[in-house]
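The structure appears right after this line, and notes come after that.
The values are calculated or read from the model by the stated rules, or taken from the named source; none is laboratory data. All values derive from a computational prediction rather than experimental measurement. Positions of Cβ are generated from backbone atoms using ideal geometry, with glycine treated the same way; all protein chains shown enter the neighbour counts. SASA here: full protein model, heavy atoms, side chains in, ligands and nucleic acids out. Shrake-Rupley method; radii C 1.70, N 1.55, O 1.52, S 1.80 Å.
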Amino acid sequence: MSDRSVELWVKREDLVHQDLGGNKWRKLKYNLLEAVSSGASYMGTFGGAYSNHIYAVAAAGALLQIPTVGIIRGEELYPLNPTLSFAQSRGMTLSYISRERYRQKNTPVFQEYLHQHFPPSGYWVPEGGTNERAITGVEEMAQEIMAQLEIAALPNVVAVASGTGGTAAGLIRGLSPAGVRVLAFSALKGNFLKREIDSWLPDSQTARSWGLVTSYHFGGYARHSKELLRFIEDFFDRFGIPLEPVYTGKMFFGLVEMIKERYFEPGTRILAIHTGGLQGLQGFEERFGNLLKRS
Ligand SMILES: *Cc1c(COP(=O)(O)O)cnc(C)c1O
């Protein structure tokens, strides 16, 4: 796509694998290797009932034959939503905890709860999957971008949707030495991601290597508007690229707005990362059935 001499390229991480694609695969790779090599008897993690991370861990467990445990925030509701019914179909053991307890998940009280309820031989990954190993996995995506595009065609800007900021952090680490600026589009309200992302970066990579875009959250995490849904349909009609309303739809919406507003200098080459998450369209089957079939 080219508009007023700005180029927009898309890296289709959504096409990596049917069940285990997008950024979640990159983030899980070294965690899975560690779980296997350390002889863990299962992999455990946390998430909301619509978590793409839960979905990916369940898929990985089935593919690698590692038992998985998913601690889900909130009550057990039947019928299971598409994310949880997929997770269960892939053999994930689902365990539900109250929102109050879930909020304590980074405290010793919660560690105690885990010790009491699950065997000690598990390998645990944090909510959203962001840890040092995850960021190492994303850095490989940065290397791949440089190898695929070669020096002459390196993008000036790489755009990515952000939740925990782990994917953005890995891209910044890998790309800023080559002079590529990363723009992280927050899918959540507020600017807390500034500090989150910075906390994963060496001191040498601060303000100038990346930017946070906070104006396209559409009301907050998993919120959306008719305008956003219309944009997703229109984007698919024009470019044949399916997006979903939680992450990638918001990022592309924001990017297209910014291009229209001439935020980028003429000649800027932008590479947008399609981070996947298309199974999230299953909550919108009536509207997006055609995108699901084609994707
Ligand atoms: C999880 C997810 C993100 C956010 O990744 P973070 O590393 O948590 O910032 C972006 N896009 C999609 C499709 C996701 O599933």
Starting from the 7 Å offset along Cα-to-Cβ, what nm value, one decimal, do you get for the label separation of ARG12 and SER199?
3.6 nm
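Given a 1.4 angstrom probe, what's the average accessible area per residue across the chain, in square angstrom?
Accessible area per residue, the chain: 48 Å².
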Find the relative contact order for the chain and round it to a whole percent, using C-alpha pairs within less than 8 Å whose residues are 6+ positions apart.
23 percent
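Using a Förster radius of 45 Å, what is the FRET efficiency between PHE239 and GLN116 based on their Cβ-Cβ separation? Nearest 0.05, please.
Numbers: r = 51 Å, r/R0 = 1.13.
The computed FRET efficiency comes out at 0.35.
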Heavy-atom accessible area of SER215, protein chains in place, probe 1.4 angstrom, given in Å² to nearest 10, is 90 Å²
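Can you work out the FRET efficiency for the pair TYR96 and GLU265, with r the C-beta to C-beta distance and R0 = 35 Å, to the nearest 0.05? Numbers along the way, then the final one.
Working: r = 50 Å, r/R0 = 1.43.
In this case the efficiency is close to 0.10.
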With DNA, RNA and ligands ignored, accessible area of GLU227 (1.4 Å probe; Å², nearest 10):
100 Å²
On the accessible surface of region 74-233, probed at 1.4 Å, how many percent belong to carbon and sulfur atoms?
50 percent
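Output the peptides 59-65, 25-31 sorted from most to least packed, where packing is the average of other Cβ atoms within 10 Å over each peptide's residues.
25-31, 59-65
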Taking a cut-off of 29 Å between Cα atoms, list the lysines near LYS260, but don't count ones fewer than 8 places away on the same chain.
LYS11, LYS189, LYS194, LYS226, LYS250
